[in-house]
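One structure is given below, encoded as C-alpha cells.
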Amino acid sequence: MKLDFDKEMDALLRNLPDATRERAAAASLTNSTRRERDENARGATLHLDADELSAYAENALPAATRARYVAHLADCATCRRLATNIAMAADVAGALERNNAAERAPAEAATVASGWRARLASFFSPRALLYAAPVLALLVAGTAIFTVMQTYQRGAKQFVRVIPREQAEREEAATAGQLAEPDKAQEPPRAIAVSEPTPGAISKGAPPAAVAPAPSARQTGEPEKAETIARVDKNETDAQRSSALAPVAQPTGPEIVSLPTETRQVQKTADDDAVRVEDRAIATPSTATPPVKETAEVTKTPGREEAREKRVEEVAVTGGNKVANAAPDRTDQTDSRRSGPADAEKQNKRVEGFTASRPAAPKTEIKSAPIGKARRSVPPAMSGGASESSGETRSVAGRQFRRQSGAWVDTAYQASTSLTNVTRGSEHYRALVADEPELRRVAEQLGGEVIVLWKNRAYRIR
Amino acid sequence: MRRSRPAPTDDLSLRDAAAQLLSRAADARSLKEDAILPRLRATLDKYLLRDQPEASTQEIAKFVASLRADELILVIACERGDETAWRDLMESYRATVLSAARGASAGEAEAVELAQSVWAELYGLREREDGRPAGKLAYYSGCGSLGGWLRAVVGQLGVDRHRRSSRLVQTEEDADFDRLMNDGDHDRGVFSVEAAPDPERALAERQAAETVRAALARVIAGLAAEDRLLVKLYYFDGLRLREAGAVLGVHEATASRRLTRLHAEIRRGVETLLVAEHRWTPEEISRTLADVAARLDADFSQALIAGAASVERREERR
C-alpha cells in the first residue's frame, strides 16, 4: 500500500539507531512503570500473561481493558512480539479485511444504486425527453418499415419437390409449351404437389409446371415474370446430390400447386450423410395427398456404389404466383414430411423449385454433419500438480483417495483408526498445514470432506 | 485499591450467565454452573470489572456471551481430570502447539522438546490440595481462543528458555547488529572525525544529528500509547502496515492514515523542541532534518556493508 506521507520523517524514524530507540523505550517505560505501580499495589509482573496476550491479539477485550494493554505493549518489546505472533497466526488482519469488505458492501451497493437511479432518472427528464422523443419515433418508424419490407420480400414462396426422373421428363414434355408463354405462368401452379398442406393455390389438372424449362428472364423481357428452369443432372457418383425439401405430392395425379417462390439450388455434398438443402418450397394444400413415392427431403442418399443420376430443376415463377421462400431445411434432421417407403428408393431424384425472377436470395447451405462430440473441457490443471482423477479415485500428493459417501477417503485409512476433526480455516487447521504443505495440497485439491491418514494420524478435514 | 466482591444479586446474574454459557457449548461435558462459576468470576474481575467496576448486568451478560464456551468447558473439564477431555485437547491442539514450538525454536528437536514441556506445564507438575495436578490450564479464561492462548504459552516458555541460555547464545538480533555496527565503525572509520574532509563541519553535523535524534526519542516517548505502539510496530519491529494494523485491531487503511497523522505530529513535536531548547530557526530545522535524514540513509547502508564485512573477518579468524 502506497503511503503518501512525510518522507523525511519516514527516513528518520526508519533509520533510527538502536541507542535512540532504547532511549525512547526507556523514557516511555519509566512513565508506564510508574503508572502501573500506582495501579497495582501488589507490584505484579509487568508482562502480560498468555491469556491477556491472546485475548488482546484476537480483539477479544473490552475497550477499556484493551487500552490498558496497549500502553504496556507500546513499551514492552517481548510482549509486543508475542502479541504480534499470535495475531499473525490467528489471521487477524484477514478477519479485519473481511469485516471491512462486508461493511462496505452494502454502502457501496447503496451508492451504486443511488447513482444508477440518478442516472436513470436523468434520462427521463423533460429536457431529455424533448430530444429523445423524435429520435425514438424515428427508430420505431424505421423498424416498422423495415419489418414490412422484409415481410413483403418474403411473400414469395418456394416449392421444391423431388420427383422421379421419369416423371420429371414427362412433366417437362407436357409443360414445355406452357413455359413458352409467360402469361400462362400466371395461371395456377404447375404440377408440384406436396403431401402436406401448405399455403398457396393448388389446382389439379395441370402437370407440374416445375418440371418444364422456363425461358430466361431476358427473353421474356420481364424479369419479374421470367421463368427459368435450371436443371442439374447429377450423377450418383458425383459428390453433389440434390434433394427436395418439401414432400412430393402424388405423382399420379396432376396436382398443380401455385407456389411462386424462389428456388435455390439444392445440392448434396460428397458426404453420403450430408445433404445441402437450401430452400424449401411450401406448397399449398390441394387434396389429401397420398403418400408420395419420392420424398422432397432426403437427408441421406444411398451409397455411392449405385450410379444414379440426379436432376435439379429450378423453375422461376413470375409474379402473381405466390412465392414462398422456403426456409432452409436441415434435412439431416428428421422431417415430418418425409415419406418412408418412397425414400427407400432414393434413386433418380429430382428437385424442382420455382424461383422468383428477382435475384436469388443468398444461398444457404445446410450440411448435416455428423454430430460432433462436444469437447470435454479439461479441468484446469491444479496448481501444484500431482493430481489426477480416474473414476472414483484420485491421487494427490502421492496418496490414493477414493470417493466414499460423499467424502474423499485415503485408501490407507482404516475404520478402526480414530479420527480428528479439523475444520478448514480454524486455528487447528492453520497450525496443521503450516508445517505440512503436502497436507495443505491434499485439503485444497480434493475439497469437501477429506479423510486422510497423515503421519499415523487420521484427520477428517471439512 | 481493593475491589469489592460482587453483591449477592450479582451472583444470581452470574449464575444465569454461567447457565447460558453451558447451554451455548456443544458439549457441556457433564459440568454444572458451580464448576465454572469461579472461573467466570475471575475472568470478569480481570477483564471487565477492573476497568468498569460499575458494569451493568447487560454488559456482564454481553461479555460472558463473548467467551469461548466450548474451549472454556474443555479446559475446565481437563482441570477436573476428565480423561476424554484431555484426549480431545491433545488431539485438537497437538499441531498448534508443535507449530508454535517450531516458531520459537531453532530446530525440530528443540521444537519437539519445547512442545512436550508445554504439555507437561499444561497438565501440571505440581499437585493441588485435592491431589489433582496444578497446571497452566487454570489461567485460561475463555476470552481469547484456546489456540491463541496455547501459542502465547509456547512463546513465553520459549522466551524463558532463551533467556536462560542467553549467556552462551546471542539472541537479540538488534544488539548483535548494533555491536557489528560499532565494530564496523572502528574498522572502517565511517564515523571517525579524522576521515572527514572538514573535521569541524563533520563534528557540527554529528552534533546536529544527535540533537535531532534526541528530540525524536523524546517526542516518540510522549506520544499516546496507541500511537507509540504503531510507531514501534512499524518502525522498530519492522512489521508491514497490514500486520501492524492487525496488532492494533484496525484495518490497514486506518493504520496508514494514523501513521500519516503521526508523521506530522512528530515533526511538529521535534520542531517545537528544537526551537524551544536549542533556539533553532525554522530554516535551520528544515535543513538539518533533511540532512540528517539523508545521512541516516547513507549511514544505514554503509553500516550494513560494514557489518557484513565484519562478519566475514570473524569467520576468517576462526
Worksheet item: In peptide B:208-219, what is the residue-averaged number of other protein chain Cβ atoms found within 10 Å of each Cβ?
Response: 4
Discussion item. Please compare each pair in A:K7/B:K232; B:K136/B:K232; B:K32/B:K136 to a cut-off of 28 Å on the Cα-Cα distance and tell me which ones are over it.
Written reply: B:K136/B:K232
Worksheet item: Counting only other chains, what is the mean number of Cβ atoms within 10 angstrom of the Cβ of each residue in peptide B:266-277?
Response: 1
Worksheet entry | Å² per residue, accessible surface of region B:18-62 at 1.4 Å | 55 Å²
Response to the item:
Taking r as the C-beta separation of A:R424 and B:S66 and R0 as 25 Å, the FRET efficiency to the nearest 0.05 is 0.60
Discussion item. Just to be sure I understand: if you take the accessible area of chain A alone plus chain B alone and subtract the pair, with a 1.4 Å probe, what total do you get in Å², rounded to 100?
Written reply: 6700 Å²
Worksheet, complete the sentence: Once all protein chains are kept in place, A:H428 shows an accessible area at probe 1.4 Å, nearest 10 Å², of 20 Å²
Worksheet, complete the sentence: Long-range amide H partners of A:W454, meaning residues 5 or more apart or on another chain whose placed amide H is closer than 5 Å, are A:Y459
Discussion item. Quick check on region B:198-270: take the gyration tensor over C-alpha atoms, sort the square-rooted eigenvalues as a ≥ b ≥ c, and tell me if it's rounded (a/c under 1.5), prolate or oblate.
Written reply: prolate
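The values are calculated or read from the model by the stated rules, or taken from the named source; none is laboratory data. Please read all numbers here as calculations on a predicted model, not as lab measurements. So basically every Cβ, Gly included, is an ideal-geometry build from the backbone, and we count neighbours across all protein chains shown. Calculation scope for accessible area: heavy atoms of the full protein, side chains included, ligands and nucleic acids excluded. Shrake-Rupley method; radii C 1.70, N 1.55, O 1.52, S 1.80 Å.
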